[in-house]
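The values are calculated or read from the model by the stated rules, or taken from the named source; none is laboratory data. Predicted model, so just to flag it, every value in this text is computed and none were measured. Cβ atoms come from the backbone with ideal geometry, glycine included; neighbour counts cover every protein chain shown. Each accessible area value is taken on the protein alone, full model and side chains, heavy atoms only, with ligands, DNA and RNA left out. Shrake-Rupley method; radii C 1.70, N 1.55, O 1.52, S 1.80 Å.
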Amino acid sequence: MPVMPRILIVEDDTHIRRLLRVAVERMGWQVGEAATAREALSLLDIDKPEVVLLDLGLPDRDGLELIQLMKKRGAAVLVVSARDDTAEKVAALDLGADDYLTKPFDTDELLARIRTALRHHRRDDAEPVPVRAGDVTIDLAMRRIDRAGEEIHLSPKEYGVLAELAKRPGRIIGHSQLLREIWGAAHETQVDYLRIVIRNLRLKLEADPAAPRLIINEPGVGYRLIVKE
């Protein structure tokens, strides 16, 4: 019998914690709960959850301080916070958060984000498998991009950006992270470089580049590749 995923909810608001628990248990997943940073770090070592749902406004420590500690313990981190400031989202993603969802949230979207985090967590050590986004297939192992069965040729920078998005399908990848990975640390503030490449990718991959459905912009934060469930 397969072992069900274990999710740790780190949230000091009892009502929201209960709401999150009900949603997670609906999927048949195992659930742990913590109301403080201290409890969360203790449960991480005991239960070894695959995914942590992390509130940033904890009573004993800022949630941002926990992200790297949780990542080092092998958990995927999905921030679920009332903080909707762009700077907070960027900070969380730069620290290694796998995704960021703002309260109030849609339960179905939350579950979709958890499924994405679980898939990525379990694929980290596996051979890369082709990713499907609309009629586009991204085969990182073969370095081949097809659209409706026809191979699409990309420039090195275009391929690099698309590959980074495809390694984390469904997740927001921050501007600075993409720039750092593809252009190098000296260029991580040059967002215009990234915008030009994204525009070119949309021209080559989207049915309607003016109304993109595959590569989605998170204003001021980064981009997300929308994939098939």
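Could you give the accessible area per residue of the chain, probe 1.4 Å, as a whole number in Å²?
Solvent-accessible surface per residue comes out at 50 Å².
So how far, in whole Å, is the C-alpha centre of segment 12-81 from the one of segment 144-214?
31
Given labels modelled 7 Å from the Cα in the Cβ direction, how far is it in nm from Arg143 to Arg73?
4.0
If you place +1 on the Cβ of every Lys and Arg, -1 on the Cβ of every Asp and Glu, and leave all else neutral, what size is the dipole of segment 112-229 about its Cα centre, to the nearest 20 Debye?
320
Between 0 and 90 degrees, rounded to the nearest ten: what's the tilt of helix 14-26 against the longest Cα principal axis of the chain?
60
Keeping the other protein chains in place, figure out the carbon and sulfur percent of the accessible area of the chain, with a 1.4 Å probe.
Within the chain, the accessible surface is 51 percent carbon and sulfur.
Cβ under 14 Å from Ala211's Cβ, Ala211 left aside: what net charge do those residues give with Lys, Arg +1 and Asp, Glu -1?
Net of charged neighbours comes to +1.
Going 7 Å from the Cα of Thr36 along its beta-carbon direction, which residues of segment 59-102 have the amide nitrogen within less than 12 Å of the resulting point?
Under 12 Å, as judged by backbone N against the label point of Thr36, lie 59-61 of segment 59-102.
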